[in-house]
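The values are calculated or read from the model by the stated rules, or taken from the named source; none is laboratory data. These numbers come from a predicted model, not from an experiment. With ideal geometry, Cβ positions are generated from the backbone for all residues, glycine too; neighbour counts draw on all protein chains shown.
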C-alpha cells in the first residue's frame, strides 16, 4: 500500500509536524479544517461550518476527489446551540452523498474564535 501526503505549508502543519491530507491506499484522511475565525464570518456558526467544509473538501482535490468521495465526516462544535446551523451547512454539501457523520461538542479550540472544525475521510476506489 502506498502512502501519499499533501502538505500546504500552513502554520498548524509546521507547528505540529503534520500534513493537510494523507492517502493510504484508497483511504484519504483530511486533517481538521477550521474557518478563518478572524474573518467576516466570525461568530456565525453556519458560515463558519460552510467555510470549514469547503476547506476540507478542497483538501481532497490533490487526489482528484470531491465531496462525492467522502465516506465519513466529523463535526466538532464549541456550542451545542450551533448544531442546527452546522447540520444545515453539512446537509447542503453532503445530502446527496450520505456519509456517516459524528457530531460532538468540545470544550473549545486552540483559537477561541472558532466555533466549528471538520474532519473528512474519503474513498478513492470505485464509488457506487
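Residue-by-condition table, conditions (1) under 20 Å from residue 24 (Cβ atoms); (2) within 13 Å of the chain's Cα centre (by Cα); (3) surrounded by 13 or more Cβ atoms within 10 Å (Cβ to Cβ); (4) in contact (Cβ under 8 Å) with a residue 40 or more places away in the chain:
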residue	(1), (2), (3), (4)
77	no, yes, yes, no
105	no, no, yes, no
110	no, no, no, no
122	yes, yes, yes, yes
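Applying the set (1) under 14 Å from the mean Cα position of the chain (by Cα); (2) within 14 Å of residue 109 (Cβ to Cβ); (3) in contact (Cβ under 8 Å) with a residue 24 or more places away in the chain to residue 42 leaves exactly one unmet item: (1).
Residues are listed down the side, and each one gets a yes or a no for (1) crowded, with 21+ Cβ neighbours inside 10 Å; (2) modelled with pLDDT of 95 or more; (3) farther than 27 Å from residue 125 by Cβ:
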residue: 12; (1), (2), (3): no, no, yes
residue: 35; (1), (2), (3): yes, no, yes
residue: 41; (1), (2), (3): no, no, yes
residue: 72; (1), (2), (3): no, yes, no
residue: 97; (1), (2), (3): no, yes, no
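All conditions but one from (1) in a helix (DSSP H, G or I); (2) closer than 11 Å to residue 120 by Cβ apply to residue 29; the one that does not is (1). Annotation note: Cβ proximity below 9 Å between a residue of the range 46-67 that is on the phi > 0 side of the Ramachandran plot and modelled with pLDDT of 95 or more and a residue that is part of a loop (DSSP other than H, G, I, E, B) and surrounded by fewer than 18 Cβ atoms within 10 Å (Cβ to Cβ) (sequence gap 6+ or interchain) occurs for 64/124. Looking at the range 91-98, can you tell me whether even one residue there is without any contact (Cβ under 8 Å) to a residue 12 or more places away in the chain, farther than 30 Å from residue 3 by Cα and either in contact with a helix residue (DSSP H, G or I) (Cβ under 8 Å, 6 or more places away or on another chain) or not in a loop (DSSP other than H, G, I, E, B) (or both)? Looking for residues that are without any contact (Cβ under 8 Å) to a residue 12 or more places away in the chain, farther than 30 Å from residue 3 by Cα and either in contact with a helix residue (DSSP H, G or I) (Cβ under 8 Å, 6 or more places away or on another chain) or not in a loop (DSSP other than H, G, I, E, B) (or both), one finds at least one in the range 91-98, hence yes.
Only a single item in (1) modelled with pLDDT under 95; (2) under 29 Å from residue 125 (Cα atoms); (3) surrounded by fewer than 16 Cβ atoms within 10 Å (Cβ to Cβ) is not met by residue 6, and it is number (3).
Every test in (1) at pLDDT 95 or above; (2) within 18 Å of residue 114 (Cα to Cα); (3) touching a strand residue (DSSP E or B) at 6+ places or on another chain (Cβ under 8 Å) is passed by residue 102 save one, and that test is (2).
Applying the set (1) touching a helix residue (DSSP H, G or I) at 6+ places or on another chain (Cβ under 9 Å); (2) surrounded by 15 or more Cβ atoms within 10 Å (Cβ to Cβ); (3) not in a loop (DSSP other than H, G, I, E, B) to residue 88 leaves exactly one unmet item: (2).
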